[in-house]
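Single-structure report; data block below.
Please treat every number below as a calculation from the coordinates, not as lab data. A quick note: this is a predicted structure, and the numbers were derived from the prediction, not measured. No Cβ is skipped: glycine too gets one built from the backbone with ideal geometry, and neighbour counts run over all protein chains shown.
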């Protein structure tokens, strides 16, 4: 979602290839030949170089564009929030969403874990919500790579069984992000992926 959104918003040409992780395609020889780490997402540049990890891909894509913060301090703040997303939000929202929404047939088996992940996500969401009480976007300068990094999992927090009403500033921010130029939703990504396959 995150690199795809950035490429759309920057008007970059790209070829999207979906990898079905539920079928284990990321562990198959064809994909491992492209990315030996066997994880998604993965960007292959025009020069044939590979970049993994969604936030690293975002940083690469944002270089030299309006999405990249303009000062050293703002870039450091963006990285701070991108690290925050990876340590305080994604590890909890992602698995709770996976078993609650992607494979709901396994929800009951993982119910205790889901409850623990939801509990662990709430302090990070509360910090983000407080931060957004004084800003429209993550950085003072406006919409940036930091917003995309956080948006990826935060905008689907309800699919993880978390209540958006607990975080009104996040709810407002999600709406503001969806109003940015060339925004494309996760549903649109799914539709385009089906057309490409």
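Brief remarks follow.
- Ordering of 155-163, 27-35, 133-141 by burial proxy (mean other Cβ atoms within 10 Å per residue, highest first): 155-163, 133-141, 27-35
- Inter-label distance, nm, simple model (7 Å from Cα along the C-beta direction), residue 185/residue 17: 2.9
- Computed over the chain, relative contact order equals 27 percent, with contacts defined as Cα pairs under 8 Å that lie 6+ residues apart.
- Exposure proxy ranking for 21, 103, 177, based on other Cβ atoms within 10 angstrom of each Cβ and starting from the fewest, stands as 103, 21, 177.
- The chain: C-alpha gyration tensor shape, a/c 1.5 cut-off, then a/b vs b/c: oblate
- Ranked by how many other beta carbons lie within 10 Å on average, peptides 1-11, 67-77, 119-129 from highest: 1-11, 119-129, 67-77
- Residue list for region 89-126, given a label point 7 angstrom along the Cα-to-Cβ vector of residue 25 and an amide N cut-off under 18 Å: 102-103
- Note on residue 10 and residue 103: their simple-model spin labels are 3.3 nm apart, each label 7 Å out from Cα toward Cβ.
- Residue exposure sequence - 17, 88 - by fewest surrounding Cβ within 10 Å: 17, 88
- Between the beta carbons of residue 126 and residue 74, assuming R0 = 25 Å, the FRET efficiency works out to 0.60 to the nearest 0.05.
- Förster radius 25 Å - calculated FRET efficiency between residue 56 and residue 175 (Cβ-Cβ, nearest 0.05): 0.35
- Percent of Cα-Cα distances greater than 17 Å, calculated over region 72-178: 51
- Taking 0.36 nm per residue of separation and subtracting the Cα-Cα distance, full extension of the segment from residue 164 to residue 134 would add 9.0 nm.
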